[in-house]
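To keep things clear, I will list the structure first and then write my remarks on it.
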Amino acid sequence: MLGLMQEHPLLISSLLDFAERHHGDGEIVSRRVEGDIHRTTWAGIARRSRQLANSLESAAVEPSGRVGTIAWNGYRHLELYYGVSGSGRVLHTINPRLHPDQVAWIINHADDQLLCFDLSFLPLVQAVHARCPAVRQWVALCEEDKLPVDSGIPHLLSYEGWIGGASAHYDWPRFDENMASSMCYTSGTTGHPKAALYSHRSTLLHAYAAALPDAMGISSRDAVLPVVPMFHVNAWGIPYAGALTGCKLVFPGPALDGKSVYELIESESVSFAAGVPTVWQMLLEHMDTGGLRFSSLDRTVIGGAACPPSMLRAFKERYGVEVLHGWGMTEMSPLGTVCTLKKKHLDLPMEAQLQILQKQGRGLFGVEMKIVDAQGSELPWDGQARGDLLVKGPWVVQEYFKGDGGAPLVPDAQGRGWFPTGDVATIDADGYLQITDRSKDVIKSGGEWISSIDIENIAMAHPAVAMAACIGVPHPKWDERPIIVVVTRRGAQLTKAKLLEFYKGKAVARWQIPDDVIFVESIPLGATGKMLKTQLREQLKEHRLADRQAEVTTNG
Ligand code: AMP
């Protein structure tokens, strides 16, 4: 017997309708590429998204046609999120930090028909446009009078000129909620990137889950600053969760340095912010140097890469800001876990609570997880056994766009497909996930695994360390040994001996302590701000270790 409830597809346009009706005066504040602060509301976003939808009709972008964006976080990008997907086209957000060859490849692979870009990316567009013949129209996200003359891009339009004359009346079409809504290419470091193709249904379910109290806990009383870019995995779903909850949204535009982010948090009374550790590192450095305080920020979600416990402590102990450590990936829309305490943990001493909060957190409803050994057998949730992490759920990819990479899912005994995340993890009895490594970053010394994240976290706790990456280098006896590559804080003094001394007495076995410390000016970062450890491994593969460890590793 079927239930007798209304058939109502979960469509992205319904989020916008809801936002306009229920919190039409909710604020959307953006720092623009032009440098000024722009203010609008959900009603303004809804009106202009409809104008955009009409403009897409006029431009004859077909249903499910791809519209690319190369843009910072801002109100125009938000309109594209709603106008493109809401009208039945597919929003393709492009990471401008990728190499131009990769950007051109992605635009062509996605078959983008129209492409909107912020003026700061004009040089990138100039470098790629001639290689993207399928793009019928390039649109600069600016006023008509800011349109660059002699850009070299044929028929370049200004966004304001393009949508400005269009009608603000538009009836959002109703269609199957499983239709594609947006897409994002993985930040793969080898080979061509592959695209996750999100649906309206997956996006709405993810938005519901993201806003829940044990996830990001976003409400209409929040002012939310997504520093995490809208050009990668939909800014962790915040543009959708924002419409759903009616929170104020504050967009940082291109200004992601510590000073600019701090000023925006203070001037817009931001209560909740989201970003990767490297961004928060810049913010904390700025605050520490200037002796600054937060007057409104009470929590921040940190993910995309492991949040060092020292960062969690700095936010909590020095600034009274709660850190929600989150884990996910492009293929998961992206949220998988967020770390919050359970009721039974509330009476624990602060130190014990911090031990829990360092983990990547508990799976959201909608994400099933399991860890398996090399044979594919499921491992226990005991916080000790570590294995390859697999996930499944309604906002996890089934396969990649155009079938790239073949069938990614691993079937279990019941024939159900699980997505292999490529991460190695433990899960404890309370369901808290802890990522120990990306499987390709795992260090294997004398047959034993060393978690590069654990080793980095200890180095990051040293006051002189700004950034640390632990990688394995070849060793004749132990196959691999860990070394730590370190960037020191400005003006700080640190020696190899002092850092290695710092490992003593920490939660690390003696044989896991790195064999060498290499000081560098900077660590290579990928297009989403993550340390490129594969690149470091390549650079340092000839690195020869001193004899010290021959004696130390015998304890392993
Ligand atoms: P991306 O698809 O670019 O978002 O990258 C996803 C990958 O980033 C995951 O598979 C993890 O390896 C890594 N990652 C994301 N969040 C975390 C986290 N909190 N701790 C450790 N690794 C993370």
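The values are calculated or read from the model by the stated rules, or taken from the named source; none is laboratory data. Fair warning: this is a prediction, and the values are worked out from it, not measured in the lab. Because the Cβ atoms are built from the backbone with ideal geometry, glycine has one as well, and the counts that use them run over all protein chains shown. Heads up: the accessible areas ignore ligands, DNA and RNA and are worked out on the full protein's heavy atoms, side chains in. Shrake-Rupley method; radii C 1.70, N 1.55, O 1.52, S 1.80 Å.
Observations
- For the chain, the per residue solvent-accessible surface stands at 41 Å², with DNA, RNA and ligands left out and a 1.4 Å probe.
- What the phi angles of region 136-148 give under the Karplus curve with 6.51, -1.76 and 1.60, with θ = phi - 60°, is a coupling list of 7, 8, 9, 10, 8, 7, 7, 6, 4, 6, 9, 5, x Hz, glycine and proline written as x.
- Share antiparallel - DSSP beta bridges, region 443-555, percent rounded to 5: 80 percent
- Helix 75-86 and the long axis of the chain differ in direction by around 70°, with both axes built from C-alpha atoms.
- Placing +1 on the Cβ of every Lys and Arg and -1 on the Cβ of every Asp and Glu, with nothing else charged, gives region 247-337 a dipole about its Cα centre of roughly 160 debye.
- Sequentially through region 197-207, phi angles give Karplus couplings (6.51, -1.76, 1.60; θ = phi - 60°) of 10, 7, 10, 4, 4, 4, 5, 5, 4, 5, 5 Hz, Gly and Pro residues having no value and appearing as x.
- Within the chain, the proportion of Cα pairs with more than 43 Å between them is 19 percent.
- Radius ratio Rg over Rh of region 390-429, counting only Cα atoms, Kirkwood formula for Rh: 1.01
- Whichever aspartates and glutamates have a C-alpha closer than 13 Å to that of K496, once near sequence neighbours (fewer than 8 apart) are set aside: D515, D516
- Ignoring aspartates and glutamates fewer than eight residues from K444 along the same chain, the ones with Cα atoms less than 13 angstrom from its Cα are D479, E480.
- Which of V301, M329, G291, positive extreme of dipole for region 291-415 (C-beta unit charges): G291
- Rg/Rh for region 443-555 stands at 0.94; both radii use Cα atoms, and Rh follows the Kirkwood definition.
- Against the main long axis of the alpha-carbon atoms of the chain, helix 12-23 sits at an angle near 80°.
- 24 Å Cα-Cα threshold exceeded, pairs from K342/K533; K316/K344; K194/K541; K359/K533: K342/K533; K194/K541
- Ellipsoid fit via the Cα gyration tensor, region 174-314: semi-axes of 28, 19, 13 Å, each the root of five times an eigenvalue, largest first.
- Gap separating the Cα centres of region 156-213 and region 336-406, nearest whole Å: 26 Å
- Using distinct alpha-carbon pairs, which all enter the 1/r mean, Kirkwood radius of region 315-428 in Å: 15.6 Å
- Reachable lysines from K506, criterion Cα separation under 16 angstrom, eight or more residues apart if same chain: K498
- Relative contact order of the chain: 10 percent, from C-alpha pairs under 8 Å at least 6 residues apart in sequence.
- Fraction of antiparallel bridges per DSSP, the chain only, in percent to nearest 5: 55 percent
- Sorted largest first by accessible area at a 1.4 angstrom probe radius, with every protein chain in place, the residues S522, S64 fall in the order S522, S64.
- Accessible-area value, F18, 1.4 Å probe, nucleic acids and ligands omitted, Å²: 80 Å²
- Accessible carbon and sulfur surface of the chain relative to its total accessible area, %, 1.4 Å: 52 percent
- Helical content alone sets the calculated 222 nm signal of the chain at -7500 deg cm²/dmol, taking -39,500 (n - 2.57) per DSSP H segment of four or more residues and averaging over every residue.
- Summing Cβ point charges (Lys, Arg +1; Asp, Glu -1) relative to the Cα centre of region 136-270 gives a dipole of roughly 460 debye.
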